[in-house]
Every structure is written in structure tokens, then in C-alpha cells.
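As C-alpha cells, the structure follows; a few thoughts come after it.
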Amino acid sequence: MSQHNFEAETGKVLELLTHSIYSNKEIFLRELISNASDAIDKARIKSLTDTNYLGADSEFQITLDANTEKNILIIQDNWVGMNEEELHKNLGTIAKSGTKDFIEKLQKAKENADNNLIGQFGVGFYSAFMVADKVEVETKSNDSDTAFKWTSDGKSAYEVSTSDKTSRGTTIRLYIDEANKDLTAEWKIKELIKKYSNYVAVPIKMQVEEKNDKGEVTGNKLEQLNDMKSIWTKSKTSVKEEEYKEFYKTLSMDFNEPLAHIHNNVEWIVSYKSLLYIPKEKNMFINMDDPNREFGPKLYVKNVLILDNCKDLLPVWLRFISGVVETSDIPLNVSRELLQSNATLEKIKKGLTKKVMSELKKNLKNNPENYDAFLKNYAMQLKEGIYYESENREEIASLVKFETLQGKTLSLDEYIENLENKEDKKIYFIAGKSKQEVLASPYLAQFKENNTDVLLFCDPVDQFTLQVLKEFKEFKLISATSDEVKLKEKTQEEEKKNEELKKDFWDFLELTKNTIWSEKIEKVELNENLWNALWALKTPENGMDPQMEKMMKAMGQEVPAQKRILELNPNNSLVSAMKEEFSKDLKSQKLSEMMNYAYNQAVLLEWGEVENMPEFIATLNKFAGEYLK
Ligand code: ADP
Ligand code: MG
């Protein structure tokens, strides 16, 4: 027997692992299984050139055996094994590049109590010491007549002695410590295999007790714990529609059918296989608005689960997507720089985002009924994408739909398609708190008359969309209340009449300005297109809608007082009557009361708040009294 101290760096990793506050200890099994699976891969490769290599014992499998009484867990494979030199090299040192880096990061992670870092990537064989106070490795290589036994408590030293093991391969015996006793329970092992190693490409079998109908133990049998078949690694043509749907259910806990699945095998700058699902219905179990919710596809490396939710693989706005991504371009072990692998993830993320967007577009076109159902539940997230993701802004904007003045529901492309006058390159919208509110706007009259459709932006997030989406495919987004609205050219005659009207109203407008003046009004002007409205308020170009103002304030943001434009409808008989009164008596009390009334009804017309409600009601009552006389 010989005793050896661990190489300095190995000792450090061990110390960090065993003393870390690291919570996800159970990944040790994933690591040991993946080592056994690697050993099988190596044997497979050897057998290609050496046909006698496998010999009589040629069944590729990994076996587990647990002893609950003695707290021992055994993981066994009958493949390459290790000779004495390999034992020292592989289990006594960490002779891999990048290890220093990892140790530094690990150290930092420990200091910052950020234990997630270790969880994301494999920590290898030594993770066994997170759950065991002693580990024995008995191993025999094909090219050695002697078997060896490696033993350590994972502190500072290990022992190597010869062993009487006669069969080829490696047997790892973990003496599970008191705190982790439940790791030898059959149900627990089954759970861990299902969770982390279900798709490992060799059978993982465990010795379980065989029972008869009465529940009496009649013997032992080997039971396979993993499924092995991972549908994302298969070719698209070999997977049935039903299998896709079935897998979606187990993956997402959503028992409705998804809108679509996206199955891809990419071999380019990075290679990966992915199977993503777009939901259709709302998932009862998921709150999309919960900022702490884990999201993102599962990440597998070489058939081994690395992360349940890898949020580095999709942008936040795509948090409704579930799925699986598998790549071999990320190391499973500790030995490579993590930063480097993040660059890989970033590339995959770009690719996946593109795929999802094009799948959504396909559904918008070819699967409108289901797509509309999807939009009902997830338009909010798409609109968030428009706001945050400047890179794909137009592309995402083309995926949402809006209700319109003419009672349709259209995407921006469809709206443009329907436009009679495309040369103007204008998309008209009206924004407000609700459909009812925006439809009452007097500014829509001329659009009805002119048979021009207007998009109704009445979802609260639309206010944010409007902040960033000023243009779509070179079409300018213009508010129906804007000065820029020009549905038809004025004739010369109309132009002339307009000029006269302006002159005629000039001093009345001045008086109005002086009477109802406040810091909220920027200017007072005439608008002949206000239908039957008396006065109306609108937002100046580049100004902020009252809805947006309210929302910003609710979010705790400082917003300066927003100025509005007050418009008078010269075609309204009440306006004419007021002007008449004005020409008779400049200082008319009635006129000033009428003006206050006209202003407040303009505020109410856009569902705003009247400042002095009792006074306004008193005025109304006075008017009503006159009416009854
Ligand atoms: P990694 O798997 O990333 O190389 P590990 O710490 O998990 O790192 O394992 C260290 C090394 O020990 C492996 O590279 C392998 O050479 C050897 N090893 C571990 N388990 C086995 C096994 N079951 N059979 C043969 N060799 C093994
Ligand atoms: Mg390993």
C-alpha cells in the first residue's frame, strides 16, 4: 500500500467542494455516471481497431447497487478501467488546462456566496466527496494484469494498493456520510437518474428487490432506470407528431397542445440540437410576470442534464418557450474556461431566437386561428420584446396584431397591405386606456369618413411600444390626433375658406386662451375634423399621452407637466353660439362659464380627470335648470 498527497491544486478543489455551501450536492451521481459512460465510449472506440477488445463481456451498461443499511452506493462499469499510472494521473491530480482559472472562479463564487456557478458545470469525480466521507475506486485496465484500489477521505491524501478484482472495469464505492443518508434510497436514486441521466446513451441498471404479489421479497433483479431515447437527438422524420406532443407535456406541465415545435440540428460555427415548443394556451402553473421564475430550455451536454433552465439560451421576452438544447461544444468538466463557453451559449441563443421568430411568422401566415389564440396569451411578451430588443425590433413588431377602427384585427404588414394610399407611408393609430375610450375619440371622425383604418393601441404596454416604434418598414406611425394627419388634399377653395375662418376666429381663440389658460395648454387652434365634438384635447407631436404620463408616474418616474393642444370645432353650433355671445359682450359671465364647461368636457372626452368636479357639476346643474325652463 502506498500513500500519496493530492497535488496542491486538487487539494484546493476538494476543499472548496466539501466545504462550500454548495446546495446541489446530488449532481455527484450525474458526474460518476458520465465518467462511466465516457469509459464505455472509449472502449467502443478501441473495439473498432481491436476486434478482440471487448471479449466475452460485451454488454454496454452501467450498474448501481445501494446498501441502505451500511450507507454504501456502488457505481460500476466494466470498461476501460485504469492502470496504476492512470489512477495517479486521473484521480490524484488535475492536470488539465484552465484548472487554475476555475479554482479562482470557484474561490470567488464562494466568497460571493454565489453557489450557482458550480451547479452550472460539471465538477467531475471529486464531487463524490460532497456526499461521501470515504471513496474507494477499484479498477482494472485491459492492458494490466493487476487491479488497483484507490481510497481517500477527500482531505489531503489518497492511498493506492493492489486489489483482487479480476474483471475489467471500474467499481466506485461511496461511503455516504450521515447528512446525505437518503441518497442510498431506491426512490432517490431513481429520481436522480430520471432528472440528470435519463438520456445517457447506455442502459443504467440498478439491483432492486423482486417482490411477489404479497409484497414479499423473493430475490434481486436488475432494473433499467433511464429511458435512453431523447427525441431531440433523433432526425425530424423519425419522430411522430404524437411523440412531440407527449414530450411537450412532460417538459412543460402544460396539458394543452402547443402552437408549434421547432426541432433543429445545427452544425455550423457551433453545433447543437434543439427542440423548442411555443405554447398556445396560458399555463396555469406559470406566472409570466414573476421576475424570479426560472425560464429557458434545459441544457444537456453529451446526453447529461447540466441545467434545468438555462436562461442564457433565450432572451427574456421569449420566456414562454420551453424545450431542450443539447450541445457538445460546452465542456462538462471543470477544465475549461467558463467565459469561453458563454460565448458558445451566446451564439446558440442568437440562432434559437431567429428560429423562434421565423416559426412565429410562419404560424401568423399559415395557422391564423391558433396563432390568434397564442397572441391572446403571449402578445404582452412580444411587445416587451419590441421595447427591449432593438436588434430585432421590426421583426418582432411584425408578429403582433392590433384591433382596428374598422373592427378587424391586423398585423402591421396586413394593415399596410390594406391601405389604399400606400405612397404616404403612414400607419395611423390611436392610443388610449381602453377600446371604448379610443373609439369615442372625435379625432376618428375623418378616418371613418375617408374609409381609412386606424390601429387601436389600447393595451397598457402599447404605450411602451409607441415609445420605441416610430417607424415600421419605412412607414411612419402617426397618431390619429396628430397635426400630421392629412387624409386628403384641400382644394384651393377649401384652403381659402380655411384662411377666412382663421381670421374670423382669431380674437375668439385669443380670448379662449386667456380664459382657460393653464400650464397644461400649449396652444389653442381650430380643427374642422372634429365631427360633433365641441372642444377636444390632443397631444403635441413628440409629446407624451396622458396615459403614458400616468403610467410613468405610477412606476415612480418623475415626469414634467405635459402640455396639450386644445382644439375648437368651428362647425359645432355651440361653438358658434359662444362666438356670437363673445361678439355681443366681451366680458360675458355666461361665456366664461361656457368655456370652463367646454374645457372640462374635452377632458372627460378622453377619460381624463376634471380638476374641480363639484364646480363642474354645479355648472352642469345650472345648465340643466335653464334647459327645463
Ligand atoms: P473528466 O471526466 O472531466 O475528465 P473527472 O474528474 O470526472 O474529469 O474524471 C477524471 C478522469 O478519471 C477521467 O478523465 C477518466 O480518465 C478517469 N475516470 C474517472 N472515472 C472513470 C471510469 N469509470 N473508468 C475509467 N476512467 C475513469
Ligand atoms: Mg467526468
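Compute the FRET efficiency between Ser167 and Lys355 as 1/(1 + (r/R0)^6), taking r as their Cβ-Cβ distance and R0 = 30 Å, and round to the nearest 0.05.
Step by step, r from the Cβ atoms, then E = 0.05.
Select from the range 193-256 those trypsin sites (Lys or Arg not before Pro) which occupy a DSSP coil region and have at most 13 other Cβ atoms within 10 Å, ordered by residue number.
Within the range 193-256, the qualifying trypsin sites (Lys or Arg not before Pro) (loop, at most 13 other Cβ atoms within 10 Å) are Lys214, Lys229, Lys240.
Grab the Cα-Cα distance for Val239 and Glu522, subtract it from 0.36 nm times how many residues apart they are, and report the gain in nm with one decimal.
Stretched fully, the Val239-Glu522 segment lengthens by 95.4 nm.
Would you mind working out the magnitude of the charge dipole of the range 247-318 relative to its Cα centre, with +1 at each Lys and Arg C-beta and -1 at each Asp and Glu C-beta, to the nearest 20 Debye?
Once rounded to the nearest 20, the dipole reads 180 debye.
Debye sum, Cα scatterers, the range 300-425, no solvent: what log₁₀ I/I(0) at q = 0.14, 0.22, 0.23 1/Å?
Computed log10 I(q)/I(0) values: -0.72, -1.31, -1.38.
At 7 Å along Cα-to-Cβ for each site, give me the label-to-label distance between Thr146 and Gln224 in nm.
Between Thr146 and Gln224, the simple spin-label model gives 3.9 nm.
What does the extension gain come out to for Glu85 and Lys425, with contour length at 0.36 nm per residue minus their alpha carbon separation?
Separation in residues times 0.36 nm, less the Cα-Cα distance, equals 114.8 nm.
Write down the radius of gyration of the range 173-311 and its Dmax, each obtained from C-alpha positions, in Å.
Rg and Dmax of the range 173-311, Cα atoms, are 18.7, 58 Å.
Where in the range 1-76 are there trypsin sites (Lys or Arg not before Pro) that are in a DSSP coil and have at most 14 other Cβ atoms within 10 angstrom of their Cβ?
Lys70
Can you give the angle from 0 to 90° between the axis of helix 186-196 and the longest principal axis of the chain, with both taken from C-alpha atoms, to the nearest 10?
60 degrees
Roughly what % antiparallel, to the nearest 5, for the DSSP beta bridges in the range 417-513?
Taking every DSSP beta bridge within the range 417-513, about 20 percent pair in antiparallel fashion.
For q values of 0.05, 0.08, 0.09, 0.10 Å⁻¹, compute log₁₀ I(q)/I(0) with the Debye formula on a Cα-only model of the chain, without solvent.
-0.41, -0.74, -0.84, -0.95
Report the label-to-label distance for Trp268 and Glu500 in nanometres (one decimal), using points 7 Å from each Cα along the Cα→Cβ vector.
Result: 6.7 nm between the two label points.
Applying 1/(1 + (r/R0)^6) with R0 = 60 Å to the Cβ-Cβ distance of Lys408 and Asp41, what FRET efficiency is obtained, to the nearest 0.05?
0.55
Quick one: which of 313-319, 543-549 comes out on top by average Cβ neighbours within 10 Å, and what's the full order, highest first?
Peptide ranking by packing, descending: 313-319, 543-549.
Using a simple spin-label model with points 7 Å from Cα along the Cα→Cβ vector, what separation in nm is obtained for Lys629 and Lys590?
0.8 nm
Between Asn24 and Ser434, how high is the FRET efficiency from 1/(1 + (r/R0)^6) when r is the Cβ-Cβ distance and R₀ = 41 Å? Nearest 0.05.
0.30
Nearest 5 is fine: what % of DSSP beta bridges in the chain come out antiparallel, could you say?
80 percent
Relative to the Cα centre, what is the charge dipole magnitude of the chain, using +1 at the beta carbon of each Lys and Arg, -1 at the beta carbon of each Asp and Glu, and rounding to the nearest 20 debye?
Roughly 360 debye for the chain.
Taking the Cα centre of the range 400-520 as origin and charging only Cβ (+1 Lys, Arg; -1 Asp, Glu), how large is the dipole, in debye to the nearest 20?
240 debye
Between 0 and 90 degrees, rounded to the nearest ten: what's the tilt of helix 8-19 against the longest Cα principal axis of the chain?
Between helix and principal axis, roughly 60 degrees.
Using Cα-Cα distances under 8 Å and only pairs 6 or more residues apart, what relative contact order does the range 419-554 have, in percent?
Once divided by the residue count of the range 419-554, the mean separation gives 31 percent.
Normalised by the empirical 2.2 N^0.38 Å for globular proteins, what value does the Cα Rg of the range 477-589 take?
1.23
Between the helical axis of 338-366 and the dominant principal axis of the chain, each derived from Cα atoms, what acute angle in degrees is found, rounded to the nearest 10?
Its long axis makes an angle of about 50 degrees.
Each reported figure results from applying straightforward, stated rules to the coordinates on display, with no laboratory input. All values reported here derive from a predicted model rather than from experimental measurement. Counting neighbours? That spans all protein chains shown, and the Cβs are built from the backbone with ideal geometry, glycine included.
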